[in-house]
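Asker: Got a structure for you, written out below as structure tokens; questions coming shortly.
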Amino acid sequence: MERTLISSGSSFEAQIGYSRAVVTGDWVFVSGCTGYDYKSGSISPDPAEQTEQCLKNIASALGEAGATMDEVVRVRYMFASRSDFPKCWDVLQRYLGGARPAATMVVTGLMEEAMKVEIEVTARKGSARATASTKGDDAPPS
């Protein structure tokens with residue numbers, strides 16, 4: 001099976017030996033992304049803004065892989081502080097509310113003090129779920 005590596009251009013990828021994302025078949029595995037804006041090299045002190053940037057970085061990697069946020073089937077949230085998680089729910093809902101992936105949140109130390117969140121996802125191309133109808137939020141896709 002073919003394997004495609006996707007890079008964000010970060011120097012850490014070469015230094016540490018990883019890819020922003022790996023595509024194999026219909027599966028896309030996106031490495032943990034932090035809230036850095038790679039174009040400016042900046043990071044916001046606000047956890048919700050960092051979460052927004054994480055998800056923009058993830059969406060960009062998925063786009064390069066030919067996938068979308070609606071095809072995310074698994075997400076792992078890593079927060080430096082448990083109290084920051086609820087502050088980010090609105091952002092998470094906007095980006096992942098349609099996909100409703102299996103999710104795990106852990107509290108952990110991150111590589112730099114400025115980092116408040118890191119998010120990694122797994123997507124499967126072609127797996128986007130149909131939006132819920134008037135049958136209710138848990139209605140199976142039509």
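Every number in this text was worked out from the coordinates using simple rules, so none of it is lab data. Everything quoted here is computed from the prediction, not taken from an experiment. Positions of Cβ are generated from backbone atoms using ideal geometry, with glycine treated the same way; all protein chains shown enter the neighbour counts.
Asker: Per the helix-only calculation at 222 nm, which mean residue ellipticity applies to the chain, given -39500 (n - 2.57) for every DSSP H run of n ≥ 4 and division by its residues, nearest 500 deg cm²/dmol?
Answerer: Only helices count here, giving -6000 deg cm²/dmol.
Asker: How big is the convex hull of the Cα atoms of the chain, per residue, in Å³?
Answerer: About 116 Å³ per residue, rounded to a whole number.
Asker: Give me the Debye-computed log₁₀ of I(q)/I(0) at q = 0.27 Å⁻¹ for the stretch 54-117, equal point scatterers on Cα only, no solvent, two decimals.
Answerer: -1.25
Asker: Also, I was wondering about something else. Could you tell me the relative contact order of the chain? Use alpha-carbon pairs under 8 Å, at least six residues apart, and round to a whole percent.
Answerer: Reported relative contact order: 28 percent.
Asker: At a 10 Å Cβ-Cβ cut-off, how would you order Ile16, Ile58, fewest neighbours first?
Answerer: By the 10 Å Cβ count, ascending, the order reads Ile16, Ile58.
Asker: Pick from Met111, Met78, Met69: which is most flexible by mean-square fluctuation in a GNM of the chain where alpha carbon atoms under 10 Å apart are linked?
Answerer: It is Met111.
Asker: Taking the chain as a Gaussian network, where each spring joins two C-alpha atoms under 10 Å apart, which residue of Gly126, Gly97, Gly17 fluctuates the most?
Answerer: Greatest mean-square fluctuation among the candidates belongs to Gly17.
Asker: Restricting to bridges with both residues inside the chain, how much of the DSSP beta-bridge set is antiparallel, in percent to the nearest 5?
Answerer: Here the antiparallel bridges make up roughly 80 percent for the chain.
Asker: Among Ser7, Ser83, rank each residue by its count of other Cβ atoms within 10 Å, from fewest to most, as a rough exposure measure.
Answerer: Least to most surrounded, the residues fall as Ser83, Ser7.
Asker: Still on this structure: Determine the sum of side-chain charges near Tyr77: Lys and Arg each +1, Asp and Glu each -1, restricted to other residues whose C-beta is under 13 angstrom from that of Tyr77.
Answerer: Around Tyr77, the surrounding residues sum to +2.
Asker: Next question. Taking H as built 1.01 Å from N, whose amide H comes closer than 5 Å to the amide H of Ser31, not counting residues under 5 places away?
Answerer: Ala21, Val22
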